[in-house]
Amino acid sequence: MTKKSAILHFGSDLVDKPIISGLIRNYDVSVNILQASITPEEDGTMFVQIEGEHAIVQKAFDYLRDHRVDMIFPAKNLIWDDKKCVDCGACVAHCLPRALTVDGSGKLQFNSERCIACELCIPACPYHALGSVSEHLS
Amino acid sequence: MTKTYEEINEKIKNGKAVVVTAEEVIEIVKDKGAKKAADEIDVVTTGTFGPMCSSGALLNTGHTKPRMNYKRAYLNRVPVYCGVAAVDLYIGVTAMPDDDPANKVFPGKFEYGGGHVIEDLVSGKDVVFEATSHGTQCYPRKEITATINIRDLPSATLLNPRNAYQNYNVAVNAHAKHPIYTYMGILRPNFGNANYCSAGQLSPLLNDPNYRTIGIGTKIFLGGGTGYVFYQGTQHNPEVPRNEKGIPMGGAGTLALVGDMKTMSRRYIRGVSMTGYGVSLAVGIGVPIPVLDEEMIASCAVSDADIMAPVWDYSEDYPNFQGKPIAHVSYAELGSGRINLQGREIETASISSMPMAREIAQTLKKWITDGNFLLTKPSAPIPGTGSGVKYHPFVERPVKGNK
Ligand code: SF4
Ligand code: SF4
């Protein structure tokens, strides 16, 4: 089994086409849509996780490519430093895939499975507790 | 039954004081009623932890040999104020290195500033000190570059002109089509998120809304050590409209705080970088409230549902000092992670930390329970409603002769 995350970008000519339903119908994969939005220019963006047999997941992405869907495959690139984290929660509203959440007692939880390394949370943390691996290495 | 400070301190010394946090007291008062709770409980501890920009450190380096009167000075390249006596220095938490790129590449990162210097000092790290002077007959030395460490300084005092705001704004971006970068964090367009910054039911001044026990001389938890309230804070404004429970409907009272940095710990004193805005310092504060009577414990039983915060637009109204709050929402709603504003669900984000506020209230509770922290009676109150003290905006008058 493979699980692969991607940010899909649909041009305005694709937004109203049943691409995702075609994907689910034709390939034995589960598609988890973490976040979807349509811009005023009517472009669509979707964060997805596609899960299934390795070869079939590959074919599913080929199918998307064939339908001219732009794709970004984020590297797992985020470092959450719990020693610097003060559990304020300022990052949570910026994490669209909900990799960052607060639990019942207000403590921050980081679920790296859900993280797509979009890095939107990094500038939102006032305490330097979030950073990218590349930043870390440089 | 009423209690005096002396009686409560006697109990603390004998290890007999009953201490609860401002969160724990809510249920107790609900279960037992204020009268019974006031008989049983002696002290309620509060806590808050968040960026507090009106903070700084007053440092004395000791005299150099030969002597020097610092006129321009830096700590880790961050400028330090030296318009006071020869070897006294004041470093404000929002100060930035002269060559910081600020917002030249927007949004700037503001990685290091006065708040971070203070965190480094409190952590016991070495800091580079540079200063120059014009030289005088009594203070001939003109330059110094040296490594300093807090343990070598004759004194290091945290001296904060305005902390612990009694309630605060909730910030949203109502009009800008792009994210805005504010001291309240990043606000996404179209009401993308609502940011707030108060410990609500744990916050010191919200538990003593009329400043009955928090006054000049009140001993407190400050940055992991002990400190004192030395005055009302700047912009102290007791006259802000209040709800039927007497809780201000927006930022009202403030406290000026002082404490010995050598007793503090990095856990509660943290440099802050607000992307696109600047640097600051997050300060941990805990204030004990003596349960003098039933009325006092009733005000400590305030809960997040009773405290309302004003929602302000930070894209146009706040910066231009115009308009009015979009709405008022309770801290119970804010804490749930979502507020409902004009029919929309908006995700909330806190800039201050509730888990840290809780930890501070618990720590102070332990100090008192263990007999290591006695309460002080204020030597004078800070001004309350009806005192005539009122905040007002800048009165801008043209300079004579200038057009
Ligand atoms: S990089 Fe940050 S915002 Fe993006 S998914 Fe990961 S945790 Fe969330
Ligand atoms: S913004 Fe930073 S400090 Fe606050 S909860 Fe997120 S990671 Fe932790």
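The values are calculated or read from the model by the stated rules, or taken from the named source; none is laboratory data. Remember, predicted model here, so these are calculated numbers, not experimental data. When we count neighbours, we look across all protein chains shown, and the Cβ atoms used for this are built from the backbone with ideal geometry, even at glycine. Quick note on the areas: whole protein, heavy atoms, side chains included, nothing else; ligands and nucleic acids left out. Shrake-Rupley method; radii C 1.70, N 1.55, O 1.52, S 1.80 Å.
Of the trypsin sites (Lys or Arg not before Pro) found in the range B:71-119, the ones in coil according to DSSP and having at most 16 other Cβ atoms within 10 Å of their Cβ are B:71, B:77, B:104. In chain B, helices alone account for a calculated mean residue ellipticity at 222 nm of -5000 deg cm²/dmol, with every DSSP H run of four or more residues adding -39,500 (n - 2.57). With q set to 0.12, 0.18, 0.30 Å⁻¹, the log10 of I(q)/I(0) for the range A:77-138, from the Debye formula over equal scatterers at the Cα positions, is -0.24, -0.55, -1.55.
Leaving out ligands, DNA and RNA, calculate the buried accessible area for the pair A and B with a 1.4 Å probe, summed over both sides, in Å² to the nearest 100. Interface area, both chains combined: 1800 Å², rounded to the nearest 100. In straight-distance terms, cross-link reach from residue A:59 covers every one of the aspartates and glutamates whose alpha-carbon lies under 19 Å from its own, apart from those fewer than eight places away in the same chain; here that gives A:28, A:51, A:70. The chymotrypsin sites (Phe, Trp or Tyr not before Pro) of the range B:318-403 that DSSP puts in a loop, and whose beta carbon has at most 13 other beta carbons within 10 Å, are B:321, B:394. Using a cut-off of 15 Å between beta-carbons, work out the net charge of the residues near residue B:215 (Lys and Arg +1, Asp and Glu -1, residue B:215 not included). It works out to a net charge of +2. Compactness of the range B:56-156 was expressed as the Cα radius of gyration divided by 2.2 N^0.38 Å, which yields 1.11.
Cross-link partners of residue B:109 among lysines, defined as those whose alpha carbon lies under 28 angstrom from its own and excluding same-chain residues fewer than eight positions apart: A:76, A:83, A:84, A:107, B:125, B:177.
Here the contact order of the range B:259-403, divided by its residue count and restricted to Cα pairs under 8 Å and six or more residues apart, works out to 15 percent.
With charges only on Cβ, +1 for K and R and -1 for D and E, what is the dipole size of the range B:312-403 about its Cα centre, in debye, rounded to 20? Don't skip to the end; give the middle numbers.
On the way: 11 positive and 9 negative charges, 105 e Å.
Taking the Cα centre of the range B:312-403 as origin, the dipole is about 500 debye.
Bridging of residue B:35 to lysines at a Cα separation below 23 Å is possible for B:3, B:11, B:16, B:245, B:365, B:377, once same-chain residues fewer than 8 apart are set aside. Each of the GluC sites (Glu not before Pro) that DSSP puts in a loop and that has at most 11 other Cβ atoms within 10 Å breaks chain A; the longest unbroken stretch is A:42-112.
In chain B, the sites counted are GluC sites (Glu not before Pro) in DSSP loop states with at most 12 other Cβ atoms within 10 Å, and the longest stretch holding none of them, exclusive of the sites, is B:1-243. For chain A, the longest piece that avoids every one of the trypsin sites (Lys or Arg not before Pro) found in DSSP loops with at most 14 other C-beta atoms within 10 Å covers A:1-67.
Solvent-accessible surface, computed for protein heavy atoms with a probe of 1.4 Å, shrinks by 30 Å² or more for the following residues of the range B:332-348 when the other protein chains are added to the isolated chain: B:347.
Within the protein assembly as shown, what percent of beta bridges assigned by DSSP are antiparallel, to the nearest 5? Don't jump to the answer; show the numbers that get you there.
Details: 96 of 107 bridges.
Antiparallel: roughly 90 percent of the beta bridges in the protein assembly as shown.
May I ask which residue of B:70, B:118, B:140 lies farthest towards the positive end of the charge dipole of the range B:56-156, with charges of +1 (Lys, Arg) and -1 (Asp, Glu) on Cβ and the Cα centre as origin? The Cα lying farthest towards the positive end belongs to B:140. Relative contact order of chain B: 25 percent, from C-alpha pairs under 8 Å at least 6 residues apart in sequence. Residues considered: A:28, A:87, A:13. Largest GNM mean-square fluctuation over chain A, using C-alpha springs under 10 Å, is found at A:13. Rg then Dmax, both in Å and based on the Cα atoms of the range A:2-72: 11.5, 36.
For a 4.7 Å threshold on C-beta separation, the list of partnerless cysteines in chain A reads A:85, A:88, A:95, A:115, A:118, A:125.
Taken along the Cα-to-beta-carbon direction at a fixed 7 Å, the label points for residue A:103 and residue B:39 span 4.0 nm.
Dipole of chain B computed with +1 at Lys/Arg Cβ and -1 at Asp/Glu Cβ about the Cα centre; of B:326, B:285, B:194, farthest Cα towards the positive end is B:285.
Expressed as a whole number of Å, what is the distance separating the alpha-carbon centroids of the range B:106-174 and the range A:1-30? About 53 Å separates the Cα centre of the range A:1-30 from the one of the range B:106-174. A Stokes-Einstein calculation at 37 °C with viscosity 0.692 mPa s, built on the Kirkwood radius of the range A:10-123 over Cα pairs, returns a diffusion coefficient of 206 µm²/s.
Give, to the nearest whole percent, the P(r) tail of the protein assembly as shown beyond 43 angstrom, counting all Cα pairs. Show your work: numbers first, answer last.
On the way: 40051 of 146070 pairs.
That tail contains 27 percent of the Cα-Cα pairs.
With protein chains left intact and a 1.4 Å probe, residues in the range A:77-138 average 45 Å² of accessible area per residue.
Per residue, the convex hull spanned by the Cα atoms of chain B measures out at 173 cubic angstrom. Buried on complex formation within the range B:266-283 (loss of at least 40 square angstrom of accessible surface versus the isolated chain, 1.4 Å probe, ligands and nucleic acids ignored): B:270, B:273.
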